[in-house]
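The values are calculated or read from the model by the stated rules, or taken from the named source; none is laboratory data. As the structure is a prediction and not an experimental result, all values here were calculated from the model. Here the Cβ positions follow ideal geometry from the backbone for every residue, glycine too, while neighbour counts run over all protein chains shown.
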Amino acid sequence: MKRRNFLSLGSALAGSALYAGALPGAQAAGRERLRIGMIGTGMRGQVLLRELVRRADVEVAALCDIEPIMLGRAVQMVMAAGKPAPATFGENGDGYAYRRMLDAGKLDGVIIATPWEWHAQMAIDAMQAKVPVGCEVVAGVSLQDHWNVLDAQLKTGTPYMLLENVCYRRDVLAVLRMVRSGLFGDLVHLQGGYQHDLRAVKFNSGDPSKPYGGGVEFGQKGWSEARWRTEHSVRRNGELYPSHGIGPCAMYTNINRGNRFTRINAFASKAAGLHDYVVRNGGEDHPNARTRFQLGDIVTTTLSCDNGETIILQHDTSLPRPYSLGFRVQGTRGLWMDLNRGVHVEGVSKPHEWDDAQAWFAKYDHPLWRKYGEQAAGAGHGGMDFFVIHAFVEALKENAPMPIDIYDAVTWSAITPLSEQSIALGFQTLDFPDFTGGKWRTRKPIFAFDDRY
Ligand SMILES: NC(=O)c1ccc[n+]([C@@H]2O[C@H](COP(=O)([O-])OP(=O)(O)OC[C@H]3O[C@@H](n4cnc5c(N)ncnc54)[C@H](O)[C@@H]3O)[C@@H](O)[C@H]2O)c1
């Protein structure tokens with residue numbers, strides 16, 4: 001059977017309740033080397049590229065970026081690793097050059113690490129070209145984007161994975177084992193979010209050697225994320241970056257696999273932080289001091305689940321603060337909170353006192369980290385970027401379902417347009433669409449049960 005057909009079969013089965021492990025033929029496929037392409041070789045693409053070039057089972061066959069400096073840096077990384085020069089696309093600034101790469105590349109997979117507004121179209125084009133997709137967060141911008149990406153995946157059967165790396169964080173995976181072992185009892189309430197001071201990401205001087213801070217420019221005068229991400233803070237008001245927080249919470253609560261989100265609402269505070277930053281760093285007369293940012297500094301989203309859990313997400317990227325994803329996982333027998341690095345388990349911990357979470361993490365360390373921890377050392381974001389690339393590559397090689405699949409991708413990512421809708425309607429509570437069309441009732445959890453990926 002040809003590799004492409006083989007992959008399609010795997011994906012078609014992935015959505016069914018039949019899956020219980022690697023699909024037949026996985027052994028044969030397991031010895032293969034994959035030709036991988038990348039669309040978007042900016043700051044994030046280059047971090048993921050570092051993981052790809054380290055692997056003996058991956059050939060970085062093609063790279064596409066419309067910014068020659070970013071493309072050049074990426075090519076250099078491949079060459080510096082002693083690998084053959086990849087084919088390149090996009091040098092002429094054609095935003096659709098990636099389509100030629102998809103057609104020409106004979107690729108076994110493509111990583112999409114472009115601005116959000118491109119993700120849905122690029123993923124759809126890749127799936128239609130039968131090139132399996134590893135897509136950076138988010139899956140799309142509008143709600144319709146999410147339905148379109150889902151529709152393309154279901155029609156083509158081409159594998160799609162959302163590259164949500166936080167699901168592989170060491171403490172997050174240890175907590176997954178705690179949850180599955182019943183340590184916290186019946187889960188009741190969870191919290192997470194994206195609490196990351198991005199002001200020096202949203203604004204810079206436009207100097208390609210300084211992507212973080214040093215100015216208050218954005219849009220065409222900015223560099224890297226300042227060039228496109230800031231515009232989302234100008235035009236949109238919602239939970240703009242849900243997956244780092246909701247990914248782990250969804251895995252803990254088996255969303256789309258026995259459970260689902262039922263209702264959602266979002267509240268947004270005033271937008272004051274970005275304007276204040278521009279005025280203090282660029283002066284009141286800087287043209288960007290006149291920009292009216294729509295994004296509330298703190299956006300709080302609440303979700304309810306069919307099994308009765310509630311989940312709160314907080315998006316907090318425009319005010320000074322140290323980084324924290326703010327996880328809290330609480331059940332009838334105990335809880336974990338990451339901000340105070342605390343675990344409390346009734347009957348084991350001293351009453352009303354926190355244990356240092358580290359001892360619990362050591363006890364419940366995930367087999368993936370025990371096996372690959374050393375290899376992951378030095379990879380981006382404390383090692384978790386190793387695992388997300390590893391998972392995409394290994395699942396492709398084994399022709400197995402993607403561990404973070406199309407339903408996870410669209411469900412997590414659609415929180416953004418739904419939260420925008422809720423805020424625009426005066427913080428209304430809305431029904432959460434069932435992207436699985438009822439299949440959530442019978443689908444079984446598959447994420448991170450062993451040490452493979
Ligand atoms: N998972 C994580 O931890 C993490 C961290 C950072 C960024 N990201 C995500 O990665 C993605 C990229 O972010 P980034 O920080 O690398 O931004 P970036 O601006 O540094 O890079 C994006 C690149 O895409 C290129 N590009 C834009 N349009 C294109 C097109 N039509 N064809 C080809 N290339 C195109 C740009 O020229 C740029 O080089 C975003 O979705 C972001 O949210 C994820």
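In the range 115-130, what residues are of a type in the set (D, E, K, R), more than 18 Å from the chain's Cα centre (by Cα) and part of a helix (DSSP H, G or I)? Across the range 115-130, the qualifying residue is only 125.
Applying the criterion of being acidic (Asp, Glu) and surrounded by fewer than 21 Cβ atoms within 10 Å (Cβ to Cβ) to the residues of the range 28-86, the residue that is farthest from the ligand (Cβ to nearest atom) is 32. Give just the number: which of (1) buried (at least 23 other Cβ atoms within 10 Å of the Cβ); (2) not assigned by TED's automatic domain parsing to the domain that holds residue 323 does residue 450 not satisfy? Residue 450 satisfies every listed condition except (1).
Results for (1) touching a His at 6+ places or on another chain (Cβ under 6 Å); (2) within 21 Å of residue 425 (Cβ to Cβ); (3) touching a residue at least 24 places away in the same chain (Cβ under 8 Å), shown as yes or no for each residue.
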| residue | (1), (2), (3) |
| --- | --- |
| 214 | no, no, no |
| 217 | no, no, yes |
| 223 | no, no, no |
| 228 | no, no, yes |
| 236 | no, yes, yes |
| 248 | no, no, yes |
| 253 | no, no, yes |
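Of the residues in the range 386-399, none is surrounded by 21 or more Cβ atoms within 10 Å (Cβ to Cβ), assigned by TED's automatic domain parsing to the domain that holds residue 173 and at pLDDT 95 or above. Applying a threshold of 6 Å to beta carbon distances and a minimum spacing of six or more residues, or different chains, the list of pairs starting in the range 49-77 at a residue that is touching a residue at least 12 places away in the same chain (Cβ under 8 Å) and ending at one that is within 12 Å of the ligand (Cβ to nearest atom) and of a type in the set (Asp, Glu) reads 51/385; 68/91; 71/65. Number of residues in the range 137-152 that are more than 15 Å from the ligand (Cβ to nearest atom) and part of a loop (DSSP other than H, G, I, E, B): the value is 1.
Of all residues in the range 382-410, those that are closer than 24 Å to residue 146 by Cβ have Cβ atoms under 8 Å from Cβ atoms of residues that are among the polar types (S, T, N, Q) and more than 15 Å from the ligand (Cβ to nearest atom), 6 or more apart or on another chain, in 401/11; 402/11; 406/153; 407/256; 407/436; 408/256.
Hey, among the residues in the range 363-385 that are within 14 Å of the ligand (Cβ to nearest atom) and not in a helix (DSSP H, G or I), which one's surrounded by the most Cβ atoms within 10 Å (Cβ to Cβ)?
Only one residue fits best here, namely 379.
Within the range 78-100, residues that are free of Cβ contacts under 8 Å to residues at least 24 places away in the same chain reach partners that are buried (at least 17 other Cβ atoms within 10 Å of the Cβ) and among the aromatic types (Phe, Trp, Tyr) with beta carbons closer than 8 Å, at six or more positions or on different chains, in the pairs 100/89.
Would you confirm, using the coordinates I've provided, whether residue 191 is under 20 Å from the mean Cα position of the chain (by Cα) and not assigned by TED's automatic domain parsing to the domain that holds residue 308?
For residue 191, the condition - under 20 Å from the mean Cα position of the chain (by Cα) and not assigned by TED's automatic domain parsing to the domain that holds residue 308 - is not met.
Take the conditions (1) buried (at least 24 other Cβ atoms within 10 Å of the Cβ); (2) in a loop (DSSP other than H, G, I, E, B); (3) not aliphatic (A, V, I, L, M); residue 284 misses just one of them, which is (1).
Listed here are the residues, each with its yes/no results for (1) out of contact with any strand residue (DSSP E or B) (no Cβ under 6 Å at 6 or more places or on another chain); (2) at pLDDT below 95; (3) closer than 25 Å to residue 118 by Cβ.
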site	(1), (2), (3)
181	yes, no, no
185	no, no, no
195	no, no, no
218	yes, no, yes
236	yes, no, yes
250	yes, no, yes
254	yes, no, no
260	yes, no, no
272	yes, no, no
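For the range 153-188, filtering for residues that are part of a loop (DSSP other than H, G, I, E, B), more than 16 Å from the ligand (Cβ to nearest atom) and either under 18 Å from the mean Cα position of the chain (by Cα) or not aliphatic (A, V, I, L, M) (or both) leaves 8.
Per the conditions (1) farther than 19 Å from residue 246 by Cα; (2) not assigned by TED's automatic domain parsing to the domain that holds residue 302, the sole criterion not satisfied by residue 381 is (1).
Could you go through the range 92-109 and let me know if any residue there is over 23 Å from residue 398 (Cβ atoms), of a type outside the set (S, T, N, Q), part of a strand (DSSP E or B) and within 11 Å of the ligand (Cβ to nearest atom). Checked the range 92-109: no residue is over 23 Å from residue 398 (Cβ atoms), of a type outside the set (S, T, N, Q), part of a strand (DSSP E or B) and within 11 Å of the ligand (Cβ to nearest atom).
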